[in-house]
Amino acid sequence: MDKFLINGPCKIKGNVSISGSKNASLPILAATLLFDKPVVIKNLPRVRDINTMLNLLKSLGSKIILSRDKKTAKIINKKNMKTFASYSLVKTMRGSILVLGPLISKYHKSKISLPGGCLIGARPVNYHLTALKKLGMKYELKDGYILAKSKGKLSGTTINFPKISVGATENSIIAACLAKGKTILKNCAIEPEIKDLTNFLNKAGAKIKWKGRVCKIIGVNSLNQTEYSVMADRIMAGTFCIAACLNQGSLEIKNLNPKIINSELNLLKKVGARIKTTENKILIKGPKKIKSIKNIKTKEFPGVATDLQSQLMVLMCKANGKSTITENIFENRFMHVAELRRLGAKINVKKNQAIIRGVNKFVAAPLISSDLRGSIALVLAAISAEGTSRVDRIYHLDRGAENFENKLKKIGVKIKRLK
Ligand code: UD1
């Protein structure tokens, strides 16, 4: 199993270019199942979850031609696509559930493995199933699979999500594109990745409009041949901003619209960072003394992203004084806490709140990753620790952070991958 050796503390300086967003690419790739004509998707990140989704599409019958740098995929669907998504593919990535909506909408049947829970929480798919049922899908759960079908086309309707869910919003939007008539989705997630999905679908001829958390979709018969470039990864951009704050670093972060991480940048300003933004760039200088923040709370967009919670916790560990972080999205997203304590962090967890007392220094230790974002946080922690830390099980990180160690090397981090 691959691991990182990181020799800290490192001062971060230079510039970094942000790659395409994994969380935007996954629903966009799933939505290509709706197309009869070829689709070209550009700016895909080269990470394992994208390979998994491309393999899933291939297993359903899509022909995929990748560019030499593997960032552009031309996807051509067969006339008769398969509709079976096996456990072996779905178990490695919960995002696989996003093929259910398009398969039902276009092919009117699907057998797809139920994704299991994962370490950060139970993560059920009940909102996906209830919404698709309202659109006309019938389903039963059998032997760990969702057996779903519909009598021909789905029919537009009004759906009010009981809780905001990124995946359920995406699955429903994709399914409604080819449904009969008008669908109105209320209480939608409005993460920028979802707007990227609807920009892509609209470019191909879908009729989707937004007003706040309400999404209106008028069904069309088919989608047009199209090319689309995926948005930049705001979570990786936020991660690099936090890295710059850890040890008075200075970074130019290129290739993304800073507006999509506005809440997080405001937090970093409170921490003491000096930040300048242009249309597609962030210039950030870390503070001399990191200020603590009393009530960081993760929230659905436009709130602070849960996917940046563990990285922000590393920063608060190095702050002057006491901070608190409340995790409002997932019930068990504090697995990184035990590992941070091994470096010297002082963190108490009460239910979904972490109370953090800043410490002057971290001392290197062996660390084990347990989930994607948590493992990124451990790398940040190791960068700010004195001595050589080993971060184990970085296959979690490889699911979603493109070329992470090379980007870090370029900006001054002493990091080595051991195979
Ligand atoms: C997506 C992101 C993930 C991010 C999360 C929240 C992708 C591939 N993943 O995950 O990185 O952390 O949004 O921003 O884009 N829930 C249910 N029933 C459902 C669906 C969700 O109870 O049917 C719960 C979940 O367990 C969780 C909350 O609702 O507690 C929000 O989950 P959701 O927004 O659906 O997250 P994902 O789409 O899985």
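What the table shows:
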item	result
Odd one out for Gly205 among (1) closer than 30 Å to Gly20 by Cα; (2) within 16 Å of the ligand (Cβ to nearest atom); (3) surrounded by fewer than 19 Cβ atoms within 10 Å (Cβ to Cβ); (4) modelled with pLDDT of 95 or more	(2)
Matching option when the condition is more than 23 Å from the chain's Cα centre (by Cα), over 23 Å from Gln248 (Cβ atoms) and among the basic types (Lys, Arg), among Arg341, Arg373, Arg393	Arg341
Complete set of residues in the range 158-192 that are out of contact with any Ser or Thr (no Cβ under 6 Å at 6 or more places or on another chain) and among the charged types (D, E, K, R)	Lys163, Glu170, Lys182, Lys186, Glu191
Residue in the range 62-80 that is within 16 Å of the ligand (Cβ to nearest atom), surrounded by 15 or more Cβ atoms within 10 Å (Cβ to Cβ) and on the phi < 0 side of the Ramachandran plot present	no
Pick from the range 246-257, criterion within 15 Å of Gly14 (Cβ to Cβ) and surrounded by 20 or more Cβ atoms within 10 Å (Cβ to Cβ), ranking: nearest to the ligand (Cβ to nearest atom)	Ile253
Candidate set from the range 318-327 (those that are crowded, with 19+ Cβ neighbours inside 10 Å and in a strand (DSSP E or B)); member that is nearest to the ligand (Cβ to nearest atom)	Ile325
Matching strands (runs of 3 or more DSSP E) fully within the range 1-72 where at least 3 residues are β-branched (Val, Ile, Thr) and at pLDDT 95 or above	39-42
Meets criteria (at pLDDT 95 or above, open to solvent by 10 Å² or more (accessible area, probe 1.4 Å) and more than 16 Å from the ligand (Cβ to nearest atom)) for Lys216	yes
Top-ranked residue of the range 358-380 - restricted to ones that are open to solvent by 10 Å² or more (accessible area, probe 1.4 Å) and farther than 26 Å from Lys289 by Cα, ranked as nearest to the ligand (Cβ to nearest atom)	Leu372
Selection within the range 81-93 - open to solvent by less than 70 Å² (accessible area, probe 1.4 Å) and assigned to a loop (DSSP other than H, G, I, E, B)	Met81, Thr83, Ser86, Met93
Residues of the range 284-317 satisfying the condition of being surrounded by 23 or more Cβ atoms within 10 Å (Cβ to Cβ) and either more than 16 Å from the ligand (Cβ to nearest atom) or more than 24 Å from the chain's Cα centre (by Cα) (or both)	Ile284, Gly286, Ile290, Val314, Leu315, Met316, Cys317
From the options Ser172, Ser155, residue that is over 28 Å from the mean Cα position of the chain (by Cα), in contact (Cβ under 8 Å) with a residue 24 or more places away in the chain and closer than 17 Å to Leu34 by Cβ	Ser155
The lone exception for Glu140 - which of (1) open to solvent by 20 Å² or more (accessible area, probe 1.4 Å); (2) in a loop (DSSP other than H, G, I, E, B) it fails	(2)
Residue satisfying condition, being assigned to a loop (DSSP other than H, G, I, E, B) and open to solvent by less than 40 Å² (accessible area, probe 1.4 Å), within set Leu178, Leu132	Leu178
Which numbered condition Phe330 misses (of (1) buried (at least 23 other Cβ atoms within 10 Å of the Cβ); (2) not in a helix (DSSP H, G or I))	(1)
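The values are calculated or read from the model by the stated rules, or taken from the named source; none is laboratory data. Note that the coordinates shown come from a computational prediction; the quantities given were computed from them, not determined experimentally. Glycine gets a Cβ as well: all are built from the backbone with ideal geometry, and neighbour counts include every protein chain shown. Side chains included, ligands, DNA and RNA excluded: accessible areas come from the protein's heavy atoms. Shrake-Rupley method; radii C 1.70, N 1.55, O 1.52, S 1.80 Å.
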